[in-house]
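Notes for the one structure printed next.
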Ligand SMILES: O=P(O)(O)OC[C@H]1O[C@H](OP(=O)(O)OP(=O)(O)O)[C@H](O)[C@@H]1O
Ligand SMILES: NC(=O)CC[C@H](N)C(=O)O
Ligand SMILES: [Mg+2]
């Protein structure tokens, strides 16, 4: 997942987009970009790195205009090292379009050759988002009937995009001289919401925290399949553009990706994590009697609400045993296993007194590759813990994700083709307790009865778009594995990108 934002305003938007990207930084740490528009001209700055590293004062000054887009990238297609794959992407025809994308196309490969052979369009990177932009541009070209573009032309174009494009996509595009177009895939896999303020700003963003944190009021979610067009006067036009839309948000957003203070598709992420802690508590009781646990310790950051709720329900003390270095980013979304492993130790340090001579229950939100849990269990033992139990607020991650979370190959997942006992041995804990898949869906689904379901593919192997073949998974995985190998040497942690 990445974080995306689009703004139409009566005043310069560069600072507002920057501030919004900072609030979405947890969704992507690899690259950042902003584009603004003034008098039909685009101004763009994008580069690898975190928001604070990418934008210097001189870059901000060169982003004039009252509307624009921004993106923070967590690569799930192509190569994380490529500066050219940072977003936004630009095409000059028709009208001039720039686009930001959160999600992952599962038929980008086929579309790329179709675009070349049939539409005579050239794609210059390995990014699926560049493919998506070119499909959109081609469809806008075809649907624009009069001398100038009308909202209905855009809605017809999005309808055609839904027919050609597969996978997950929350998209915001800026069309030069016209306004901002936002749309969401017909399954609503990745999030997108809108808000406004009294001064006439209209903002579209991945998470509600991005609206609230910049002084805007949450208005509504963009519906699955729906397209919204905000013209340059700030007037909002909207239309459903999919034949059979249904809301199936990615459940991993609630487990880990989103900020707990966001509300997504009517569900408070914080409440979702509390609920997960509650159901996990029941599972713990059936494996380890609570009187054999001295203390519950969260693995910062994302597991905190679940761990606190679990401890309260079991009547156990909840203590901080690991301190997080706030200057190290999220390890799971870092590219490459070597850098992720090194970062766990850099990021978390123990408070030994909380472990010495105690039976501790460590709680994490999820165990994916097992990088964090393996290190953490050893650190707890080194600090003198007697028994180390480990509980995960999410079920085992057994299947690759093809919709925008970077776990594309089954073999990298510690739970793939392994029993819980085998995983326990690898992680090295005394007992391992996982959430149950149905309990997880119920715990979160009970917070919004209007959901059709979830994309929970990494837990249950069911791909909501219904069209994922084994060959797709192998192809998507293979393209990313190449990138992973190249990423092992990434020394970004040691050398922050300050040379801009
Ligand atoms: O099994 P693994 O492959 O290690 O992945 C799972 C871990 O990664 C995430 O933490 P991360 O450090 O990314 O972010 P957080 O501070 O938000 O918890 C997640 O919260 C788990 O702790
Ligand atoms: N995680 C995402 O949303 C990634 C968007 C896009 N697939 C990219 O790799 O840039
Ligand atoms: Mg974590």
Subset of the range 17-43, residues in a helix (DSSP H, G or I), more than 16 Å from ligand 3 (Cβ to nearest atom) and within 20 Å of residue 191 (Cβ to Cβ), comes to 17, 19, 20, 21, 22, 23
Answer with yes or no whether residue 232 is within 22 Å of residue 435 (Cα to Cα) and modelled with pLDDT of 95 or more.
no
Tally time: how many residues in the range 288-312 are away from ligand 3 (no atom under 16 Å from the Cβ), surrounded by 19 or more Cβ atoms within 10 Å (Cβ to Cβ) and farther than 12 Å from residue 360 by Cα?
1
Which condition breaks for residue 26 when tested against (1) out of contact with any strand residue (DSSP E or B) (no Cβ under 7 Å at 6 or more places or on another chain); (2) modelled with pLDDT under 95?
(2)
On the basis of being crowded, with 24+ Cβ neighbours inside 10 Å, over 16 Å from the mean Cα position of the chain (by Cα), under 24 Å from residue 363 (Cβ atoms) and touching a residue at least 60 places away in the same chain (Cβ under 8 Å), does residue 276 make the cut?
yes
Say whether the condition of being assigned to a helix (DSSP H, G or I), modelled with pLDDT of 95 or more and either closer than 13 Å to residue 391 by Cβ or within 16 Å of ligand 2 (Cβ to nearest atom) (or both) is met by at least one residue in the range 291-301.
no
Note on the range 383-394: residues buried (at least 24 other Cβ atoms within 10 Å of the Cβ) and outside any strand (DSSP E or B) are 385, 393, 394
If we take the range 116-217, then strands (runs of 3 or more DSSP E) inside it with 2 or more residues that are surrounded by fewer than 21 Cβ atoms within 10 Å (Cβ to Cβ) are 193-196
Would you tally the residues in the range 30-47 being buried (at least 20 other Cβ atoms within 10 Å of the Cβ) and under 19 Å from residue 77 (Cα atoms)?
5
Going through the range 349-372 one residue at a time, which ones are within 12 Å of ligand 3 (Cβ to nearest atom), buried (at least 22 other Cβ atoms within 10 Å of the Cβ) and not in a strand (DSSP E or B)?
365, 366, 367, 368, 372
Does at least one position in the range 419-432 carry a residue that is over 21 Å from residue 281 (Cβ atoms) and either outside the structural domain of residue 405 (by TED's automatic domain parsing) or in contact with a strand residue (DSSP E or B) (Cβ under 6 Å, 6 or more places away or on another chain) (or both)?
no
Return yes or no: is residue 89 in contact with a strand residue (DSSP E or B) (Cβ under 6 Å, 6 or more places away or on another chain) and within 13 Å of ligand 2 (Cβ to nearest atom)?
yes
Among (1) surrounded by 23 or more Cβ atoms within 10 Å (Cβ to Cβ); (2) modelled with pLDDT under 95, there is one condition residue 249 misses while meeting the rest; what is its number?
(2)
Find the residue count for the range 315-341, including only residues that are more than 15 Å from ligand 3 (Cβ to nearest atom) and crowded, with 20+ Cβ neighbours inside 10 Å.
1
Residue check for residue 364: in contact (Cβ under 8 Å) with a residue 12 or more places away in the chain, in contact with a strand residue (DSSP E or B) (Cβ under 7 Å, 6 or more places away or on another chain) and within 10 Å of ligand 1 (Cβ to nearest atom)
yes
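The values are calculated or read from the model by the stated rules, or taken from the named source; none is laboratory data. Just so you know, these numbers come straight off a predicted model, no measurement behind them. All Cβ positions, even for glycine, are placed from backbone atoms using ideal geometry, and neighbour counts span all protein chains on display.
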